[in-house]
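First comes the structure, then the notes that go with it.
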Amino acid sequence: MTEIKVAETAGFCFGVDRAVKLVYSEIENGGRKVATLGPIIHNADVVNDLKSKGVRIIDSVDQLEKGEKAVIRSHGVGRDIYQQLEEKGNPYIDATCPFVARIHKIVREKSREGYFILIAGDKNHPEVQGIVGNCDENCLVFKDEIELREFFCKKYKKSEKKLAIVAQTTYNILVWGKCIKVIPEDDENILVFDTICSATSKRQSDAALLSKEVNTMIVVGGKNSSNTIKLYNVCRENCPSYHIENARELYALNLKNADKVGITAGASTPAYIIKEVQNTMDEIFNFEEALEQSFKKVHTGERVKGYIAAVNNSEAIVDIGTKHTGYVPLSELTDDPTKKPADVVSVGDEVDLIVTKINDQEGIVSLSKKKVDELVGFDNISKAKEEDAVLSGTVISVVTGGIIVNVDGVRVFVPASHTGLGRDKNLDELNKKTVELKIIEVDKNRRRAVGSIKAVLKAQKEAAKTAFWNEAEEGKVYKGEVKSLTNYGAFVDLGGIDGMVHISELSWSRIKHPSQVVKVGDILEVYIKELDKEAGRISLGFKKAEDNPWVKFQNNYKVGDVVKATVVSTTPFGAFAQIIEGVDGLIHISQIADKRVDNVNEALKIGQEVDVKITEIDAEKKRISISIRALLENSDAEAADAETAEETE
């Protein structure tokens, strides 16, 4: 029995419904003649009905007849059209959708404020043309994220204007999401307005969800309807989809494998057309199923054995021992989108199958290997739930609220809160990846299973913690990843458990923040300084003794050495000069020159490099005395000795 579902939000939206009712109300009141500026909606049936009632369709204000009332359709128009109507003198009805009118108001205001307007949409669509008609000359229409990226790469930097970005009310929400990622973040000169109609957004979201639940989608609406085309594009991402205008087109479609069918419709599709499509589909499927019942010799749902006779790129052909030719489409062989039929079965294989559909007239039977795998796999799933076992599977799709994982042929739903990803993470990161999970819920009647990746990660983390505490000891060296920084230190992941390197342990030099030495993601070699097992706290060391500046100084310098030093600060009693990085010496005011110095800042400047002599080293207090005067006195003494020597000669 074919299941048919109709999307909740299919059909007329508020703006279209309002516009159509305004026109019908006008002609029913028996007043003056009516002409619409373009088709009132993109639906041939509605437009033809209005024509039969005397409503004309015109392309421009010039085509209005004397006394004829004009109707501005829900797409809206530019300011020049209103001006032309005033000049022409004809009365008019403004049926512009309120959501479209809001966009007109935004672009008019922002144009007056000097903004450059960017419009996401189809430049040939009447709604977009109406939006452009409400902007000044400084505007640009882009169709997708590729054109938007090109604008920011080539034109935005050259422009000194601020940007205001809006979207056509029926713009594709999936494409809009991609566009948002292209827009530079935290740019105060860019304003982004969410102008996609909430009804459009809901209709597209509902269609996307429904198209993941069925294996065929029927999208009903005018062939020129922008929002219907977008609905069709959203649906065909998930399953085979067909865009039709009315029920008559159903007879030309190949729906032989459609056992779950979804129906949605564009904003310009009346409810009666949607109902006709649904009724016609019921008739088609009831006829096919009645014919099938009269000829079948194998039963739908029956489990049979078959031998693979041939394999091509889309299906496996099977001999099941009857007059029928058996077909197993790729979708019924596996849920893995990366595999082809030949990756699953080979010619000559004996396989267990379930009959899904029979066509005795054509001698064809549709089969499923996947459903058998699901039966076996579900038993394993139930057993894994009882044993709290860890299972492995492949993420096959991202759905509303979570992901679907294929585990031994069974679709296991993992809620977003159980994926192990943070709140701000994108679930698409897991798509097509192999994951480990535990089964946390099983509904045998509905054959529904719910899993948790988070439960496995939690168990692994607890196991890692236990293993760590069993072998951890002070002085032991680890390599770990920096996970976060605070004002007082860095937290390092040691493999399932975090330890902290205090800011004083990050560098021998004095630093104001850990980010001066490390960043998140760095791999550090650390050692355990202190353990508190009861509190679960681990203090880590990072700086090495051999890097201690004072040790380096003691190994390379002694009293009496003459060195170059750089003045780093001054005090009333002298100046501190850096001998090596991290080690300063004091030049007392009395040691700055061979004469009295009253003001240190007049004798020495910060950053000045001077020659000094090490006169004292206090290793215990880590204090060093250095002198410029000692070098000057030595120089004077050497000069005096030289003079004495000359006089003697």
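Brief remarks follow.
- Packing-based exposure ordering (other Cβ within 10 Å, fewest first) of L64, L632: L632, L64
- Estimated vicinal HN-Hα couplings, Hz - region 177-191 in sequence order (Karplus 6.51, -1.76, 1.60; Gly, Pro = x): x, 5, 5, 4, 5, 7, 5, x, 7, 6, 9, 5, 8, 10, 10
- Helix axis angle, 629-648 relative to the chain longest principal axis, alpha carbon, degrees: 40
- For chymotrypsin sites (Phe, Trp or Tyr not before Pro), no site in region 293-400 is both called loop by DSSP and has at most 13 other Cβ atoms within 10 Å.
- In the chain, taking the dipole from charged Cβ atoms about the Cα centre, the farthest positive-side position among G521, T419, I93 is held by I93.
- Three principal axis extents describe the C-alpha atoms of region 472-543; from largest down they are 31, 21, 20 Å.
- Rounded to whole Hz, the Karplus (6.51, -1.76, 1.60) HN-Hα couplings of region 550-563, x for glycine and proline: 5, 5, 4, 5, 4, 6, 10, 9, 8, 4, x, 5, 9, 9
- Inter-part distance, region 448-466 to region 114-162, computed on C-alpha centroids, equals 49 Å.
- Exposure proxy for I589, I117: other Cβ atoms within 10 Å of each Cβ, ordered fewest to most, give I589, I117.
- Over 28 Å apart at the Cα level, from the set K21/K110; K483/K544; K512/K533; K369/K444, are K21/K110; K512/K533.
- Annotation: amide H of I165 within the under-5 Å range of L118, L191, V192, F193, sequence separation 5 or more or interchain, hydrogens built in the peptide plane.
- Whole-number D in µm² s⁻¹ for region 471-627, Kirkwood Cα-pair radius fed into Stokes-Einstein, 25 °C, 0.890 mPa s: 135
- Vicinal HN-Hα couplings computed from phi for region 338-344 (Karplus, 6.51 cos²θ - 1.76 cosθ + 1.60; Hz; Gly/Pro x): 8, 9, 9, x, 5, 7, 9
- In terms of surrounding Cβ atoms within a 10 Å radius of their Cβ, M500, M217 rank from fewest to most as M500, M217.
- Lysines with Cα under 16 Å of K558, excluding same-chain neighbours fewer than 8 positions away: K613, K621, K622
- Under a 5 Å amide H cut-off, with hydrogens placed 1.01 Å from N, A265 pairs with A10, G11, V220 among residues at least 5 apart or on other chains.
- Legend note: in the chain, cysteines whose Cβ sits 4.7 Å or more from every other cysteine Cβ are C13, C97, C153, C179, C197, C235, C239.
- For region 98-196, alpha-carbon Rg over 2.2 N^0.38 Å: 0.97
- N286 versus T571: modelled label distance in nm, points set 7 Å from Cα along the beta carbon direction: 10.1
- Anisotropy class of the chain from Cα gyration tensor, a/c 1.5 cut: oblate
Any read-out appearing in this document is the output of simple, stated calculations on the displayed coordinates, not a laboratory observation. A quick note: this is a predicted structure, and the numbers were derived from the prediction, not measured. A quick note on method: Cβ atoms are made from the backbone with ideal geometry, for glycine too, and the neighbour counts reach across all protein chains shown.
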